[in-house]
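Asks: Quick one: this structure, given as structure tokens, is what I'll be asking you about.
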Amino acid sequence: MTSPVVRTPEDLSLNGTGSILRMGAWLGLLTGLGELVFLAARKFIKHKFLFGSPDVIWMAPLANAVLFLVAGLLVLGLKAMFPSRITWRTAFGAYLFLASLALLLMYPPLSHLAAALLALGVAVQGGRMAGRASRLIAAMARRMTAPLLVLVVILGVVQHGWYAWTERRMLSALPKSKEGAPNVLLIVLDTVRSLNLSLYGYPKETTPELTRWAARGVRFDRALSTAPWTFPSHATMFTGRMPHELTASWMTPLSDQYPTLSELLGRRGYATAGFAANTLYCSRETGLSRGFSHWADYLISPGEFARSSALGRLLIDNPEYRQLTGNFQTPGRKSAEDVNGEMLEWLGDGKDRPFFVFLNYFDAHGPYLPPAPFDVKFGPAPADRYRRFTERPRRGVPAPDILREEEDAYDASIAYLDHQLGQLFDELERRGQMENTLVVVVSDHGEEFGEHGLMGHGNSLYRPSLQVPLIFWRKNHIPAHRVVTQAVSVRDLAATIMGQVDGPADPAVPGRSLDRFWNGAAPIEGASSDTLVAEVAYTPRLPEWYPVSRGPMKSVVLGEFRYIQNGDGKPELYDFEHDIMETNDLLKPTGQHVMLNELRNLLTRVTGGPGGAR
């Protein structure tokens, strides 16, 4: 007969609820700090974007601690059912599995399955070996949990304290502003193509508010972006430089080679603030925040908190989890209402100096998930819309009924955004803050809905990806009810804003002020007299059948023609005046045209060679 196992008070303490949960909190905090080491290496050694909130510095340790505590509670539940089989070692093995999996997930080339198998092996072996050091491990957890928690809190306080101190320092160093200098409100409607706005004749009433407010100023009917995706387009609008002149690309931040609007206006005494909902390519780490005293990108939200840890991302980014929970919205996504609230809170009842505010709205970017009641404005909202968006055909476009649902959802997203813009403008007017404010409404790029067999953006230089809304108004300075049909480029936006602020053109900003279209210096109708260039850089991350996957692309408008040079050298030529959707390539079938060499040579001169865009 075997003798019963005698458990000492120390053994009972080791297997107690407090000990197991404390060990989970300790290992969770350590795992989060370990993730920060990986992120620091990526940021400062490899010089890559993190695509994450700077609050990860305190969120990741806390999020991991919470996840580990949940795992600990599950272990304790099993222990209550199987007291003789579930021990401290079981809990330690479970925590070790989570810690190993989290850190292995920080290495993207490793598949999730491989990471899970490796983590399981580490957990099994570590659990076996930990038995001999159980009391030492428990003692370390008991002594280090509180100091680690304090460290994480200090990291968060220091980070937010640094931002607050920097803002105060920049504001206190501003020079005196010019008497009567106008406020500047620059609004970028991310991913909104003008083709789908009722303001521009679209049959669905997507933009009644913009239509109402645009009547106060000048509307440009054919404004073209310089790039079919966010980052280089914003960089161009901020600097007046073309994409090939800038470093803003898929994995490279904007350098300080050229001054930005925020820097130039700051030198003139402006309080500057940016509120960006596109947290991928309008975040602080891209360099677009340079010169702004206040910058707000990522929200501090439950979704962003969960996504700050590798394990949290693994869970909530999983399509099956989203389908199960019915939560299809991107975690931490900032709505137009959020952007408006942040801006109005910062602005308050007014500043003691003119302000420059940049607003980036992300509501029309896929997946198109407008809130109620806008979700059913143009058709029913399918329950599996998120899955349909994430599982688009590998090649080509979805079936016609799904394509229609996608565009209906896109239009509904624009309608929601338009409603929020109306709310913002009405509130600013109620406060009296529109009296001396230059308002600019523009988009960074458009969107493809099956044109040329493409969906989305950033993959080509066709016109649906480039033609954007552009509106200016300023009471008593810009004429009302003016429509310009001449084609223009958003590259001239910076020069236009600086002209409104300073009068003469600023030599630091290239381009020509668009005020020539409302002060009589240029005709407002007819073909473009400007050289309108667009570019998109090659990236290996996109499917091989996308046009940009064949190499960097460039296009130019000259008179009534638009020429596209593909990365493989293949040219395309379209009638800019009459073929808006660019369905008829004028070079087919012969490949020859009287304008071809002139356009090719012009593009080479303007962009500096065949590669052009970085």
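The values are calculated or read from the model by the stated rules, or taken from the named source; none is laboratory data. This one's a predicted model, so the numbers in the text were calculated from it and none came from an experiment. Here the Cβ is made from the backbone with ideal geometry for all residues, glycine too, and neighbour counts use every protein chain on show. SASA here: full protein model, heavy atoms, side chains in, ligands and nucleic acids out. Shrake-Rupley method; radii C 1.70, N 1.55, O 1.52, S 1.80 Å.
Asks: Take the alpha carbon gyration tensor of the range 96-179, find the square roots of its eigenvalues, order them as a ≥ b ≥ c, and report rounded if a/c is under 1.5; if not, report prolate when a/b exceeds b/c, else oblate. Write out the running numbers ahead of the final one.
Replies: Numbers: a/c = 8.90, a/b = 2.10, b/c = 4.24.
Judged from the Cα gyration tensor, the range 96-179 comes out oblate (a/c at least 1.5, b/c at or above a/b).
Asks: Mean separation of Cα pairs under 8 Å and 6+ residues apart, divided by the residue count of the range 534-614: what relative contact order is that in percent?
Replies: On the way: 129 pairs, mean separation 21.6, N = 81.
Normalised by residue count, the contact order of the range 534-614 is 27 percent.
Asks: Could you tell me how many cubic angstrom of Cα convex hull volume the chain has per residue? Let's see the in-between values first.
Replies: Working: hull volume 109.6 nm³, N = 614.
Dividing the Cα hull volume of the chain by its residue count gives 179 Å³.
Asks: Here's something else I'd like to know. What is the distance, in nm, between label points placed 7 Å from the Cα along the Cα-to-Cβ direction at Leu118 and at Tyr546?
Replies: Those two pseudo-labels are separated by 2.8 nm.
Asks: How much accessible area per residue does the chain have, in Å², with a 1.4 Å probe?
Replies: Per-residue accessible area for the chain comes out at 43 Å².
Asks: What area, in nm² and to one decimal, does the C-alpha convex hull of the range 198-275 cast on average over all directions? Let's see the in-between values first.
Replies: Details: hull surface 29.8 nm².
Averaged projected hull area, Cα only: 7.5 nm².
Asks: Would you list, by chain and number, the lysines whose Cα falls below 18 Å from the Cα of Lys351, excluding same-chain residues fewer than 8 positions away?
Replies: Lys176, Lys178
Asks: Assuming a ≥ b ≥ c are the square roots of the Cα gyration tensor eigenvalues, decide whether the range 218-346 counts as rounded (a/c under 1.5), prolate (otherwise, with a/b larger than b/c) or oblate.
Replies: Numbers: a/c = 1.95, a/b = 1.70, b/c = 1.15.
Prolate, since a/c reaches 1.5 and a/b exceeds b/c.
Asks: Quick check: Cα centre of the range 261-313 to Cα centre of the range 340-382, how many Å?
Replies: 15
Asks: Alpha carbon centre of the range 89-129 versus the range 135-208: separation in Å?
Replies: With the range 89-129 and the range 135-208 each reduced to a Cα centre, they are spaced 34 Å.
Asks: Would you tally the net charge around Leu514, using a Cβ to Cβ cut-off of less than 11 Å, leaving Leu514 out, and scoring K and R as +1, D and E as -1? Present the calculation step by step, with values, prior to reporting the outcome.
Replies: Values: positive: Arg491, Arg512, Arg516; negative: Asp492, Asp515, Asp530.
Overall, the nearby charge balance is 0.
Asks: Residue separation times 0.36 nm, minus the C-alpha to C-alpha distance between Asp317 and Lys570: what's the value? Mind showing how you got there, number by number?
Replies: Working: separation 253, 0.36 × 253 = 91.08 nm, distance 3.86 nm.
Going from the current span to full extension adds 87.2 nm.
Asks: Tell me the Rg and the Dmax, in Å, that the Cα atoms of the range 454-546 produce.
Replies: 16.4, 52
Asks: Can you send over the carbon and sulfur percentage of the accessible area for the range 414-571, probe radius 1.4 Å, protein chains only? Before the final figure, lay out the partial values.
Replies: On the way: 2510 of 5100 Å².
Summing carbon and sulfur atoms, their accessible area is 49 percent of the total for the range 414-571.
Asks: Relative contact order for the chain: what percent, with Cα pairs under 8 Å and sequence separation of 6 or more? Write out the running numbers ahead of the final one.
Replies: Values: 1117 pairs, mean separation 102.4, N = 614.
Worked out over the chain, it gives 17 percent.
Asks: Scanning the chain for helices, which whole DSSP H stretches are 20 Å or more long along the axis (Cα) and average 1.6 or more by Kyte-Doolittle? Walk me through the numbers before you get to the answer.
Replies: On the way: long enough: 17-40 (35 Å, 1.27); 56-81 (38 Å, 2.03); 88-105 (26 Å, 1.50); 112-130 (26 Å, 1.26); 134-172 (55 Å, 0.67); 400-430 (45 Å, -0.75).
The qualifying helices are 56-81.
Asks: Also, I was wondering about something else. Once you sort the root eigenvalues of the Cα gyration tensor of the range 377-512 as a ≥ b ≥ c, which label holds: rounded (a/c under 1.5), prolate (a/b larger than b/c) or oblate (the other case)? Intermediate results must be reported in sequence, preceding the final value.
Replies: On the way: a/c = 3.15, a/b = 1.69, b/c = 1.87.
The shape class here is oblate.
Asks: Using packing as a proxy for protection, rank 288-295, 332-339, 171-178 so that the peptide with the highest average count of other Cβ atoms within 10 Å comes first. Display every interim value, and only then the final one.
Replies: Numbers: 288-295: 22.8, 332-339: 20.6, 171-178: 12.6.
The packing order, highest mean first, is 288-295, 332-339, 171-178.
Asks: Need one number: nm distance between label points at Lys475 and Met170, each 7 Å from Cα along Cα→Cβ, rounded to one decimal.
Replies: Placing both labels 7 Å beyond Cα along the Cβ direction yields 2.8 nm.
Asks: Hey, could you pull the Cα Rg and Dmax for the range 477-605, both in Å?
Replies: 17.4, 51
Asks: Which pairs break 32 Å Cα to Cα here: Lys43/Lys554; Lys204/Lys475; Lys43/Lys79?
Replies: Working: Lys43/Lys554 30 Å; Lys204/Lys475 29 Å; Lys43/Lys79 42 Å.
Checking Cα-Cα distances, Lys43/Lys79 exceed 32 Å.
Asks: Give, as ranges by residue number, the residues of the range 491-514 whose backbone N falls under 15 Å from the point 7 Å along Cα→Cβ of Arg267.
Replies: Label zone hits: 495, 498-499, 501-510.
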